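The structure appears right after this line, and notes come after that.
The values are calculated or read from the model by the stated rules, or taken from the named source; none is laboratory data. Since we're looking at a predicted model, the values are computed, not measured. Positions of Cβ are backbone-derived with ideal geometry, glycine not excepted, and every protein chain shown enters the neighbour counts.
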Amino acid sequence: MSFGVSEEKQAVLCLPTAGPDVECQPALQVGAIVTPVVQTVTDGLPVRRGRRAAYVISQVGSPPIVMALSILLSAAVMAQALAWMWASVYVTLAIALPVLQLVWLLHRGQVADLDVRRREQRSKPMIFMLVCGAVGWAVLAIGSAPLVLILIAGAALFQTTVIFLITLRWKISVHCSAAAGAATIVLLVVGTPLPLLLGVPLVAWSRIRLRHHTLAQTIAGSLLGATVYSIALCIPFVR
């Protein structure tokens with residue numbers, strides 16, 4: 001029987017069953033069905049690799065990591081014991097405590113993930129981040145910490161405030177904002193543009209590749225971070 005299909009387009013797929021017999025099913029138009037499936041599986045390999053790479057970059061370039069590294073690197077450039085102490089105090093107050101609170105919120109089921117991809121879930125952790133950032137900046141200012149660290153803390157507080165206000169209506173990329181801010185710090189304090197030229201585009205790509213943000217959201221975040229820290233670190237020294 002041809003089942004209404006020409007003989008040259010018929011094929012038989014034999015599938016083993018639980019018993020000793022072999023169950024054979026007609027597979028129609030094998031060339032039109034099997035080949036695309038094979039191509040889909042093959043094409044999916046680089047897709048999965050791309051998502052895996054994007055995930056790694058996104059985790060390594062997460063806001064707490066890049067900001068903490070940039071602040072500690074700034075302290076290292078100053079080569080002062082007090083700079084290390086104040087940088088550690090600020091990282092503990094303004095970065096470590098918000099991360100711990102975020103882990104607690106995740107444990108309580110109040111956020112879906114540590115990236116807080118859902119815009120409506122960002123208010124509570126961001127308010128706590130603002131409070132911790134304000135306390136960290138105040139401690140540095142009152143304790144007469146190095147001016148660069150006070151400026152960085154002030155810029156971080158202002159940036160977080162702007163992100164919080166934007167988040168009430170739109171989902172801006174916090175990853176890109178932090179990456180651009182940290183890269184600007186490294187550029188102005190250390191003197192190398194590599195994080196700004198390579199790191200920020202990679203973080204933006206990873207967020208888009210993972211479908212956590214759009215291109216516009218990553219560009220807006222990057223511009224915000226670079227602008228805020230450029231102004232904070234440059235204007236006080238302009239005469």
- Task: Within the stretch 179-218, track down each residue that is over 16 Å from Ser62 (Cα atoms) and either free of Cβ contacts under 8 Å to residues at least 40 places away in the same chain or not assigned by TED's automatic domain parsing to the domain that holds Ala76 (or both).
- Result: Leu187, Gly191, Thr192, Pro193, Leu194, Leu197, Thr214, Leu215, Ala216
- Task: Output the number of the condition that Gln159 fails; it satisfies all remaining conditions of (1) touching a Phe, Trp or Tyr at 6+ places or on another chain (Cβ under 8 Å); (2) outside any helix (DSSP H, G or I); (3) among the polar types (S, T, N, Q).
- Result: (2)
- Being modelled with pLDDT under 95, surrounded by fewer than 18 Cβ atoms within 10 Å (Cβ to Cβ) and assigned to a helix (DSSP H, G or I) narrows Ile219, Ile235 down to just Ile235
- Note on the structure: If you go through Leu224, Leu130, the only one that is assigned to a helix (DSSP H, G or I), in the same structural domain as Leu102 (by TED's automatic domain parsing) and within 23 Å of Ala96 (Cβ to Cβ) is Leu130
- Note on the structure: In the stretch 49-71, anything crowded, with 16+ Cβ neighbours inside 10 Å and either free of Cβ contacts under 8 Å to residues at least 24 places away in the same chain or among the aromatic types (Phe, Trp, Tyr) (or both) is listed as Ile65
- Query: Of the residues Val111, Val91, which is surrounded by fewer than 22 Cβ atoms within 10 Å (Cβ to Cβ), outside any loop (DSSP other than H, G, I, E, B) and in the same structural domain as Cys176 (by TED's automatic domain parsing)?
  - Reply: Val91
- Task: From the list Ser173, Ser144, pick out the single residue that is over 15 Å from the mean Cα position of the chain (by Cα) and either assigned by TED's automatic domain parsing to the domain that holds Met78 or touching a residue at least 12 places away in the same chain (Cβ under 8 Å) (or both).
- Result: Ser144
- Which members of the stretch 168-197 meet the condition of being touching a helix residue (DSSP H, G or I) at 6+ places or on another chain (Cβ under 7 Å) and not aliphatic (A, V, I, L, M)? Lys171, Ser173, His175, Cys176, Ser177, Gly181, Thr184, Thr192, Pro193, Pro195
- Output for the stretch 162-199, where each listed residue is assigned to a loop (DSSP other than H, G, I, E, B) and among the hydrophobic types (A, V, I, L, M, F, W, C): Leu168, Trp170, Ile172
- Hey, Val77 of a type outside the set (Lys, Arg), modelled with pLDDT of 95 or more, within 30 Å of Gly221 (Cβ to Cβ) and outside any loop (DSSP other than H, G, I, E, B) or not: no
- Note on the structure: Checked Thr214, Thr160, Thr184 against criteria (at pLDDT 95 or above and exposed (fewer than 15 other Cβ atoms within 10 Å of the Cβ)); the one match is Thr214
- Message: Step by step: first the residues of the stretch 163-181, then only those that are under 19 Å from Ile231 (Cβ atoms) and of a type in the set (Gly, Ala, Ser), then the one that is surrounded by the most Cβ atoms within 10 Å (Cβ to Cβ). Which residue is that?
- Response: Ala179
